[in-house]
1. Of all the helices (runs of 4 or more DSSP H) wholly in region 120-209, which have at least 3 residues that are touching an Asp or Glu at 6+ places or on another chain (Cβ under 8 Å) and of a type in the set (G, A, S)?
2. Within the group T81, T89, T181, which residue is over 15 Å from A65 (Cα atoms), surrounded by 15 or more Cβ atoms within 10 Å (Cβ to Cβ) and among the polar types (S, T, N, Q)?
3. Scan region 41-78 residue by residue and report those that are of a type in the set (G, A, S), in contact (Cβ under 8 Å) with a residue 24 or more places away in the chain and in the same structural domain as L29 (by TED's automatic domain parsing).
4. I'm trying to understand the selection: among the residues of region 31-58, which are under 19 Å from V69 (Cα atoms) and among the β-branched types (V, I, T)?
5. Within region 12-46, can you find the residues that are buried (at least 17 other Cβ atoms within 10 Å of the Cβ), within 20 Å of L115 (Cβ to Cβ) and among the small types (G, A, S)?
6. Out of the residues in region 31-85 meeting the condition of being assigned to a helix (DSSP H, G or I) and acidic (D, E), tell me which one is nearest to A138 (Cα to Cα).
7. Criterion first (aliphatic (A, V, I, L, M), in the same structural domain as P79 (by TED's automatic domain parsing), in contact (Cβ under 8 Å) with a residue 40 or more places away in the chain and surrounded by 18 or more Cβ atoms within 10 Å (Cβ to Cβ)) does A96 satisfy it?
8. Can we say I167 is of a type in the set (A, V, I, L, M, F, W, C), at pLDDT below 95 and within 20 Å of E118 (Cβ to Cβ)?
Amino acid sequence: MVNEGAAVRRGRPRDSAVDRRVLDAAWDLLCTRGYAGLNVDEVAERATVAKTTLYRRWPTKDHLAVAVVTRMIPPVPVPDTGDLCCDLTEFAVALAATLDKYRSAGGADCAAAGLAAELVAAAARHRDIGDLIRDLHAQRDAMALARLQRATEWEGLRPDIDHEILIDQVSAPIYYRVLITGAIVDRSYAERLVRAVLDCAFMIHRRAG
């Protein structure tokens, strides 16, 4: 039986400088030409790396695109200022801004889903990409669930509110607009969305006396 630890130690360590050059070159192509214009061979040439080296790290164009996006576009944080309405609004605005970066790659029409749709398709085509994207969303959702739990304990969020559904109610309409309708998701929309989701979500505190 092969000792996997020994095999790893005998192998050449991965060169982070190569990763950086490749991902920088791929990001430039995605931004200027969109997903359709991302050519793996051209990325290898621009990054001055062998195509075999690139393909060992990212076996398909889909894998390379997902690696670029997860490196260049940071995950959307869930603020915690003590004002849940404000925090969810900022989260919605940041999520919309991130998805807008995806769909505007390559100068695409703002009504088109663009790279956002390609990433969804890549997750469907490759199980490992799907697992990665689901894991990233699970990490974000864990932060949101913790935030909602604190809102239940300290801010009067009704204890019978289903936190997972509440997160979906904020996130899903934004994805729907970006991927399906092409409608703009600006701060005004985010504020209206969060107000609608949180309507009747807080306990009513009656004044004593």
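The values are calculated or read from the model by the stated rules, or taken from the named source; none is laboratory data. As the structure is a computational prediction, the values presented were derived from the model and not from experiment. All Cβ positions, even for glycine, are placed from backbone atoms using ideal geometry, and neighbour counts span all protein chains on display.
1. Details: elements: 127-154, 163-176, 187-198.
It comes to none.
2. Details: T81 fails: surrounded by 15 or more Cβ atoms within 10 Å (Cβ to Cβ); T181 fails: surrounded by 15 or more Cβ atoms within 10 Å (Cβ to Cβ).
On inspection, the qualifying residue turns out to be T89.
3. At the first step, the residues of region 41-78 found to be of a type in the set (G, A, S) are 44, 47, 50, 65, 67.
From what is left, the residues that are in contact (Cβ under 8 Å) with a residue 24 or more places away in the chain are 47, 65, 67.
If the condition is that a residue be of a type in the set (G, A, S), in contact (Cβ under 8 Å) with a residue 24 or more places away in the chain and in the same structural domain as L29 (by TED's automatic domain parsing), then A47 is the only one that fits.
4. Within region 31-58, T32, V40, V43 qualify.
5. A25, A26, G34
6. If we filter region 31-85 for residues that are assigned to a helix (DSSP H, G or I), which is where we start, we get 31-33, 35-37, 40-47, 51-57, 61-72, 84-85.
When the remaining residues are screened for being acidic (D, E), the result is 41-42, 45, 62.
Working: D41: 33, E42: 34, E45: 36, D62: 21 Å.
Selected residue: D62.
7. yes
8. no
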